[in-house]
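As structure tokens, the structure follows; a few thoughts come after it.
The values are calculated or read from the model by the stated rules, or taken from the named source; none is laboratory data. Source: prediction; values computed, not measured. Cβ coordinates were reconstructed from backbone atoms using ideal geometry, including for glycine residues, and neighbour counts include every protein chain displayed.
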Amino acid sequence: MEKGRVLVVDDQEEILSSLGAILTDEGHEVLKARDGQEALHIVQSDSPDIVFLDIWIPGIDGMQTLKAIKRISPKCHVIMMSGHGTIETAVKAIKLGAEDYLEKPLNLEDTLHLVEKAVSSKKDQSEVSSFSYGNPGPLIGSSQLAVSTRRSVENAAHETGSVWIYGEKGSGKEFLARKIHFLAGKDRYKLVKVACEDLTSENIREILLGKVGNRDTTKHGKTSFVHAGTFLFVGLDRLKPGLESTILGILREIDDQAKISPNRPGYLRSLFTSKKSPEEMDKAGYDSRAIKSFSERVVRVPPLRDRPEDISLLVRHFLAEASREFDKEIVDIEMDALNRLTEHTWPGNIKELKILVEHAVMNTSGSILTANELLLPISSSAHPYKSGEQPISPDTSAQPERRNSSKDGPAKGVAAGIADGDGAMTGHRLQKTLRGKVVIYGQGLHSGQKTGLTISPLPVSSGINFGHITSGGTVPALLSFVESTDFCTSLRGNDALARTIEHLMAVFHVYGLTNLLVKISGEVPIMDGSALEFCNLVENAEIITQDEIVNEIRIQEPIELPTVPGFPKSMRIEPSEIFEVEYHMDYPQPIGKMSMSFRLSSIEDFKSEIAPARTFGFVKDVKIMDEMGLAGGGRLSNLVLLDEEKVVNPPLRFENEFVRHKILDIIGDFYLLGRPIVGKIIAKQTGHSDNIAMLRLINDRHGSS
């Protein structure tokens, strides 16, 4: 059977490892990516025959990635995977060009059959993309450093011998290596990449030669693909000391075999990338003979900050490229945006710039890219921070970002507001989003379906928006789009539905996140019934402050819901210097009477006092919800269940967990005006419908949503 080049795209290491091992054992060359953007870069540079693509991935979601792959490489066979999908998702994927759709856990026989089918058909395929035959694209830049680098690459391409390419992270080392290979007249199948960090003394001969010791194995080594082509050793500085000598011996062994074997004619070339120069590696104690052999020609890649005059050219190139990939019609970028990009220090170099432009293109709706759509810190001196380090945001007339030192006490969240020069509260705060996309898996409480959730950054003043993983329509998380408050808060609009949003919205509220796109399969997963996992999800991302403000709503006089005679419900909001909730409940046993007051003064207070509280329900209510087609995903692991006498699934996380969860719901629902509220809520026996009714009263006095 003919062998192929297979790309596996998944954020779960066990899938990458297990599927990769199976395909490698079958003799295929396997490439791996952990998010959508990495996958597209590999499709552009390596031109795989087959892509196994998970739907719920960070970066660019699976559906967007699928569409982009089919634009870049129309004949590439894409097989979608998901353990959290639906029939609707599968149908949509096939319509977008996927060859097939597999449910996890994958069936080995089905998987190998699809690979065999795809590889056998590749002989008859003619590639039409501009990246055919592995052309990595032009080397952009007019600066003296760019011209010098281009000359070095061209000289290296037309000579023989090994090439050592070194430079900082993200500076384009692998791109230049592929350019050398392409300019030398080699096609895509004669470039084989080896990740040096994966090599060990135990596996190096098996990976490169398919041998254990001098004994052949059933596995195909990398040399079975490369023939008279190019080995690309990536990350030589991450190679375990001592293995450089082994690589040198293997390359000489391959060269000797090529001279006597008619099955391996031609010259095999080796390219090496490293963050360190040959001299630095030599001083670090690596074998001098190997270092000398690997660096017959040396190319240094300059960092982007040393050639700022090239940034505008690179931006326009990446802008045009991303516009084609994501089917956008972006014709230009405003000058203020270009100035911001030129002033940035680019610690991630060209790769950081490319990813930033791609993010902006994906999320913009206009034809001209603006400065507000760039996910950069709000000044060159301001550094992005992890969410657990969030400061009290300063007044916009002062420095745009300030960190708390440990002596300042707990990290403050959005509830703290913005202090002006005199320590008073100003009434506006800086907008925030995430640097990149995050993903989480779970189950819908009401649908009962396995599902997932991705959160992506959006430009300033975009707001919080919910969308379906398979469609382009989104519904804003605003009061006017609330559809239902039966047992949860749901949004509907623009052909999009978002159910059970309150826990996630509470986390957005507390962390001060204002511009995000949340993609789901109709319902936010219930997780363990609390908001704690959403806190962890956000904290594992990078929160960045944006260069616009969001005006808060400050309650100036009491507002009270009309009461209904005979019903014990009541809700009132009154002036306060902080967002706080006082909740009273009087339920039948085993809950009884409970009360609690909570001041949203810090993220840590929320995480420890409110976020862990789980949703709860009575057995009789669960039966009613079941008749309504709800609570299909309710499990003893994701809600507190009560009968008329006791908690069915103890222990509780707090003695008063029920009232804490009511406060959690209020924090989430009260973020549906699109801006934070400063005031004290006093509520008794209320639920989602009462929260929404109060928001409408507040909205009538303080502006529309």
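Table for the structure above
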quantity: From the options 246, 200, residue that is modelled with pLDDT of 90 or more and assigned to a helix (DSSP H, G or I); calculated: 246
quantity: Matching option when the condition is surrounded by fewer than 17 Cβ atoms within 10 Å (Cβ to Cβ) and at pLDDT below 90, among 381, 312, 288; calculated: 381
quantity: Segment 142-169 residues that are in the same structural domain as residue 291 (by TED's automatic domain parsing) and under 23 Å from residue 291 (Cβ atoms), paired with ones that are part of a loop (DSSP other than H, G, I, E, B) and of a type in the set (Ser, Thr, Tyr) (beta carbon under 6 Å, 6 or more apart); calculated: 164/295; 166/277
quantity: Residue within segment 308-321 that is assigned to a helix (DSSP H, G or I), charged (D, E, K, R), farther than 26 Å from residue 73 by Cα and not assigned by TED's automatic domain parsing to the domain that holds residue 150 present; calculated: yes
quantity: Residue within segment 12-23 that is within 24 Å of residue 541 (Cβ to Cβ), among the aliphatic types (A, V, I, L, M) and either in contact with a strand residue (DSSP E or B) (Cβ under 9 Å, 6 or more places away or on another chain) or outside the structural domain of residue 454 (by TED's automatic domain parsing) (or both) present; calculated: yes
quantity: Number of positions in segment 268-281 that are at pLDDT 95 or above, charged (D, E, K, R) and surrounded by 14 or more Cβ atoms within 10 Å (Cβ to Cβ); calculated: 3
quantity: Some residue of segment 565-586 being surrounded by fewer than 18 Cβ atoms within 10 Å (Cβ to Cβ) and closer than 30 Å to residue 55 by Cα; calculated: no
quantity: Residues within segment 470-495 that are at pLDDT 90 or above and part of a strand (DSSP E or B), tallied; calculated: 9
quantity: Filtered residues of segment 1-21 (kept if hydrophobic (A, V, I, L, M, F, W, C), surrounded by fewer than 18 Cβ atoms within 10 Å (Cβ to Cβ) and in contact (Cβ under 8 Å) with a residue 12 or more places away in the chain); calculated: 1
quantity: Boolean, residue 128 is in the same structural domain as residue 29 (by TED's automatic domain parsing) and either closer than 30 Å to residue 308 by Cα or at pLDDT 90 or above (or both); calculated: no
quantity: Residues (part of a strand (DSSP E or B) and in contact with a His (Cβ under 9 Å, 6 or more places away or on another chain)) located in segment 633-687; calculated: 640, 677, 682, 683, 684
quantity: From 334, 325, 296, 321, residue being farther than 24 Å from residue 277 by Cα and in contact with a Ser or Thr (Cβ under 9 Å, 6 or more places away or on another chain); calculated: 334
quantity: Extreme residue, nearest to residue 354 (Cα to Cα), among residues of segment 57-104 that are of a type in the set (Gly, Ala, Ser) and part of a loop (DSSP other than H, G, I, E, B); calculated: 59
quantity: Check on residue 464, over 19 Å from residue 527 (Cα atoms) and among the β-branched types (Val, Ile, Thr); calculated: yes
quantity: Subset tally (residues that are at pLDDT 95 or above and either in the same structural domain as residue 538 (by TED's automatic domain parsing) or among the polar types (S, T, N, Q) (or both)) for segment 603-621; calculated: 1
quantity: Inter-residue pairs, beta-carbon under 7 Å, first assigned by TED's automatic domain parsing to the domain that holds residue 272 and in segment 228-245, second basic (Lys, Arg) and assigned to a loop (DSSP other than H, G, I, E, B), 6+ apart; calculated: 229/186; 230/186; 237/275; 237/276
quantity: Odd one out for residue 230, checked against (1) modelled with pLDDT of 95 or more; (2) closer than 30 Å to residue 353 by Cα; calculated: (1)
quantity: Residues located in segment 478-511, provided they are under 25 Å from the mean Cα position of the chain (by Cα) and acidic (Asp, Glu); calculated: 495, 502
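Residue by residue, here is whether (1) crowded, with 16+ Cβ neighbours inside 10 Å; (2) at pLDDT below 95 holds:
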| site | (1), (2) |
| --- | --- |
| 100 | yes, yes |
| 119 | yes, yes |
| 133 | no, yes |
| 136 | yes, yes |
| 162 | yes, no |
| 165 | yes, no |
| 168 | yes, no |
| 173 | yes, no |
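Yes or no, residue by residue, for (1) within 25 Å of residue 678 (Cα to Cα); (2) among the basic types (Lys, Arg); (3) not in a helix (DSSP H, G or I):
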residue: 507; (1), (2), (3): yes, no, no
residue: 528; (1), (2), (3): no, no, yes
residue: 533; (1), (2), (3): no, no, no
residue: 545; (1), (2), (3): yes, no, yes
residue: 562; (1), (2), (3): yes, no, yes
residue: 566; (1), (2), (3): no, no, yes
